[in-house]
1. Express the carbon and sulfur contribution to the solvent-accessible surface of the chain as a percent, rounded to the nearest whole number, probe 1.4 angstrom.
2. In whole Å, how far is the Cα centre of segment 443-511 from that of segment 56-126?
3. Below 8 Å between Cα atoms, with a sequence gap of 6+, how large is the relative contact order for segment 404-510 in percent?
4. Between Glu405 and Ala451, what length in nm is gained on full extension when 0.36 nm per residue of separation is reduced by their alpha carbon distance?
5. Return one whole number: the accessible area per residue of segment 219-378 in Å², for a 1.4 Å probe.
6. Please say if segment 83-141 is rounded, prolate or oblate, where rounded means a/c under 1.5 for a ≥ b ≥ c the square roots of the C-alpha gyration tensor eigenvalues, and otherwise the choice is prolate for a/b larger than b/c and oblate otherwise?
7. How much of the DSSP bridge set in the chain is antiparallel, in percent, rounded to the nearest 5?
8. Please arrange His469, His186 by accessible surface area, largest first, computed with a 1.4 Å probe and ligands excluded.
Amino acid sequence: MTGMALSQDKSDVVVIGSGAGGGVIAKELGEAGLKVVVLEGGRRYQPYSDYPTHTTDFEVRAADVFLPEDARRDRYTTPRDKPFIYNRVKGVGGSTLAYHAMNPRFHESDFRVRSEDGVADDWPLSYADLEPYYTRVEYELGVSGPSGADANPFEPWRSQPYPTPAHKLNLASRMIKRGADKLGLHLVREPLAIPTTDWNGRPACINAGTCRLGCKISAKSSIDVTYIPKAERTKKVHILAKCMAREITIEADGKARSVIYFDPDGKEQEISARAIVVAGNAVETVRLLLLSKSRQFPDGLANSSGLVGKRFMEHLSLFAYGTFSDRLDPWRGVPTGGIIQDFYATNPKNGFVRGCTISVENENQWPLATANSIPGWGSEHKARMKEIFGHRVGLASDGEQLPDERNHVTLDPVVKDNHGLPVPLIVSTCFQNELAMIDTISARLKEILEAAGARAIQVENFIPGYSAHYLGTCRMGKDPRNSVVNPWCRTHDVPNLFIGDGSVFVTGAAVNPALTISALATRTADGIITLFKRGEL
Ligand SMILES: Cc1cc2nc3c(=O)[nH]c(=O)nc-3n(C[C@H](O)[C@H](O)[C@H](O)COP(=O)(O)OP(=O)(O)OC[C@H]3O[C@@H](n4cnc5c(N)ncnc54)[C@H](O)[C@@H]3O)c2cc1C
Ligand code: SF4
């Protein structure tokens, strides 16, 4: 790289990505006194000034808020016969900027899928290993959740109560709960990283409902308003926004040496560190590792197992809608309004293993979104709008997709991004277990809506990628032959290289992953701190 200066000021750790994984690791390392530089490819957002969610035309004005200034930056490809919607945000805080903040824990059985169901693999760690880290993250974020008689009967044990009380069910969720009760199901409030009381200097949620377009008052505990400010307060952590890593270089002894990145002006820079953490998400982390080829690693960094990019997983997100005679205003309050986990565990009566979580989901019931969903014009459209707006309620699912090497992320041989780098090529397909599960989920969503008294029920087809939960492409394990990282998320091949995002998941469970990503990231940070203390990094 001619003309490129290597920063003389060596950091202890360079973290790539500042989302649910990277942002958490940076704060933990900074608080332990380590000097950290975070390279974040996206920009910074200022919630109060950047999110126009307070105006009547917010649906138009805020729609593009998280799109990149240069669309070529976020290009990706899929095979023509396997469409996939890649749904993520690049910015300081990562996809949590737009997330709905559903923060459930994995169940104990999720760490033992091979032992329980004879498919996939067990994790090399248990729920008990992760429980203290779940608690730490929940208390940083001020997660709200139910307790006592309202608690979720399927939830795993917890050492501490939720930091803040659960949100109340709105009218729409109460209607769905009536249906669930009739069917003997348990609809309970889901844990949300949206505190119901003031928390760590941020205000309680005011139920404005625009979480996906950004929370103007910073009540939603996205990583940019929780971990990042704490990280920066240590004065040890420096976030370099709009800086996109393109390669990790290696010393002759096989240790990671530096990261080459594009600065905000598009110029290449290089920064060295004693340890490097990649946390770009389960797609971008793969791209960076595969771009980092060298004599020692001709197939991509840390890829001696050949598994970097393999076993890509997401969740089976299906959506169903029903219309009610009563006006329920489902758009009031946080977008998600309760979960049902009665179908979570494997049921021998099903033609598939594992299960799903069903949630009340109403993020798109705003006026313009409703109008856009109704075809036609004029008085007919107006009449339909009257019938539907405020009357339609949505359900969604997170079904477990099993890991399969046929689902993978690799580099597109032709298409390049704005920096001239190959873009990710994503292949995601549903196999027999998923197809059977999708049929059953569709039937369950319909049944619940029917039991609640809905009419004009529509169950939408499964759209690959829509879940926005991407996992599994650098799986964790004890054996370097069939895993990329060890149980502390340290790569088997490169002793000072770590992976800090959902790539390391062995299986994907049937709940939203951000809390588990952050809990694992906290544990990974603890491991790195210990290695520094022992002088091993
Ligand atoms: C609309 C939406 C709703 C969601 N709702 C929920 C929910 O309710 N609950 C839940 O659990 N999950 C939800 N998710 C998913 C959740 O946000 C992600 O699973 C989680 O944020 C992933 O964490 P991560 O750290 O792996 O990646 P991210 O949070 O996506 O962060 C990765 C960051 O790395 C940066 N990056 C990538 N490559 C590079 C590079 N080469 N150089 C520099 N920077 C780089 C990216 O710009 C990005 O900012 C949602 C996602 C979306 C998009
Ligand atoms: S519902 Fe609460 S968390 Fe979501 S945008 Fe409104 S105030 Fe923020």
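1. Accessible surface attributable to carbon and sulfur in the chain totals 51 percent.
2. 9
3. On the way: 118 pairs, mean separation 17.9, N = 107.
About 17 percent, as a whole number.
4. Values: separation 46, 0.36 × 46 = 16.56 nm, distance 3.95 nm.
Length gained between Glu405 and Ala451: 12.6 nm.
5. Using a 1.4 Å probe on heavy atoms only, each residue of segment 219-378 averages 37 Å².
6. Oblate is the answer for segment 83-141, as a/c is 1.5 or above yet b/c matches or exceeds a/b.
7. Bridges in the chain that DSSP calls antiparallel: roughly 65 percent.
8. The most accessible residue leads, giving His186, His469.
The values are calculated or read from the model by the stated rules, or taken from the named source; none is laboratory data. Only a predicted model underlies this, so the values are computations on that prediction, with no experimental measurement involved. No Cβ is skipped: glycine too gets one built from the backbone with ideal geometry, and neighbour counts run over all protein chains shown. Keep in mind that these areas ignore ligands, DNA and RNA; they rest on the heavy atoms of the full protein, side chains included. Shrake-Rupley method; radii C 1.70, N 1.55, O 1.52, S 1.80 Å.
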